[in-house]
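> Before I ask anything, let me first share the structure, which is written out below as structure tokens.
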Amino acid sequence: WCCMRRSRRSRTSAETSSSHLAEATSYAQGEAAPPSPDLVALLAAVNGDERLVESIERHRFGESAEALCARFARARAGSLPKALAMLRRDMERREERGFADLRAMSAAQVLSLSPSRDGSDGGALRDRLLGEWNPTGLLGRDYAGRPVLYRNFSRTRLWDVPLPLSALLKYNEWVSERLAASMGDVGKWTIVIDVANMGAVQCLHPTHLAFCKGLARTDAAHYPERLGRLLLINAPAVFEKFWNAFKAVLDPNTVAKIDILGSGPAVQRRLAELMPPEILPLALGGKATLSLAGLDPALPPSAPVFDVVATRSSRGSGIACVAVYDCEEEPSPQAEE
């Protein structure tokens, strides 16, 4: 890859080429783990397809080309044809659906792409999504350093949302793209989905099932190896039937990263194992108020309570305030380690 990028300096910046060269050199000097055989084979195959190389350059953003290919190599480990086919389909889909343009939009602009049945504009739809249909917020980071996205589907009734299913799936693509952008397109993320009080009609309604299957297909096809942990919390008893129908469309490796939790102390204990309780929404005992800040480029960057780096030590856990907005608490002694 390094040699190919160096030969194309007339079409890309010298900075981009040198970054690849630095990564390749670090492998040679032993400063980073050498690439796996699967990745070496995939990079060799990609280098033979100039169109694919150029598409990767358009859509990798803050991620190195090697790191992007590594995610697909891991997702289809042991099969070069499958990894290459998956990567090609992803890039083709990104070109067709304009993912690069999508991630530059605001939530209101995305929700305006399809006319609503009741004439609501994008801003009104955004406010109703945030306040009623699907409260969402970027909370902070968990103990593994991953960004934590919270989404509440408790009151979601898609048959009442005046948008076609395709528009709602497009909005979810935007959320995922903005989540990737929020972490510089590097690493994995943690997602907390709250389904408190969700009834049988919501769980088993054909529109909801189609929506969830669409989410699963999109995430599997376009964001391999991005999921660190998914926690479905406050799940009612009826949710088990929904989950049994839904998990059949998921990759077994993805299922292994998902926790299904009921309500009560077990939820709080599990969340506390993974992230600082302070970053959770107020309804879960934390201090965060939900907004699209940190996701929506139309909003000023901010943090729900404070922008934190979560740390752990032999004496417990702590919070280190980094870029403080409305933080009145001092970092704990443990966080300074």
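> Check whether at least one residue in the range 99-117 is out of contact with any helix residue (DSSP H, G or I) (no Cβ under 8 Å at 6 or more places or on another chain), farther than 14 Å from GLU177 by Cβ, surrounded by fewer than 20 Cβ atoms within 10 Å (Cβ to Cβ) and modelled with pLDDT under 95, and report yes or no.
Scanning the range 99-117, I find at least one residue that is out of contact with any helix residue (DSSP H, G or I) (no Cβ under 8 Å at 6 or more places or on another chain), farther than 14 Å from GLU177 by Cβ, surrounded by fewer than 20 Cβ atoms within 10 Å (Cβ to Cβ) and modelled with pLDDT under 95, so the answer is yes.
> Quick test for you: out of ALA180, ALA200, ALA210, ALA248, pick the one residue that is at pLDDT below 95 and within 30 Å of ALA104 (Cβ to Cβ).
After ruling out the rest, the residue left standing is ALA210.
> If you don't mind, another one. For the range 131-147, name all the residues that are touching a helix residue (DSSP H, G or I) at 6+ places or on another chain (Cβ under 8 Å) and more than 19 Å from ALA235 (Cα to Cα).
Hits for the range 131-147 are LEU138, LEU139, GLY140, ARG141, ASP142, TYR143, ALA144, PRO147.
> Determine if the range 17-37 includes at least one residue that is part of a helix (DSSP H, G or I), under 21 Å from ARG226 (Cβ atoms) and modelled with pLDDT of 95 or more.
So far as the range 17-37 goes, no, none of its residues is part of a helix (DSSP H, G or I), under 21 Å from ARG226 (Cβ atoms) and modelled with pLDDT of 95 or more.
> OK, next. If ASN244 satisfies all but one of (1) among the polar types (S, T, N, Q); (2) within 18 Å of ARG128 (Cα to Cα); (3) open to solvent by 30 Å² or more (accessible area, probe 1.4 Å), what's the number of the condition it fails?
Failing condition for ASN244: (2).
> Can you tell me which residue is surrounded by the fewest Cβ atoms within 10 Å (Cβ to Cβ) among those in the range 77-98 that are free of Cβ contacts under 8 Å to residues at least 12 places away in the same chain and outside any helix (DSSP H, G or I)?
Only one residue fits best here, namely GLY98.
A quick yes/no check of all residues on (1) of a type in the set (D, E, K, R); (2) under 15 Å from TYR171 (Cα atoms):
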| site | (1), (2) |
| --- | --- |
| ARG94 | yes, yes |
| ALA104 | no, yes |
| SER112 | no, yes |
| ARG117 | yes, no |
| GLY122 | no, yes |
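The values are calculated or read from the model by the stated rules, or taken from the named source; none is laboratory data. Since this is a predicted model, take the numbers as computed values, not measurements. Positions of Cβ are backbone-derived with ideal geometry, glycine not excepted, and every protein chain shown enters the neighbour counts. Calculation scope for accessible area: heavy atoms of the full protein, side chains included, ligands and nucleic acids excluded. Shrake-Rupley method; radii C 1.70, N 1.55, O 1.52, S 1.80 Å.
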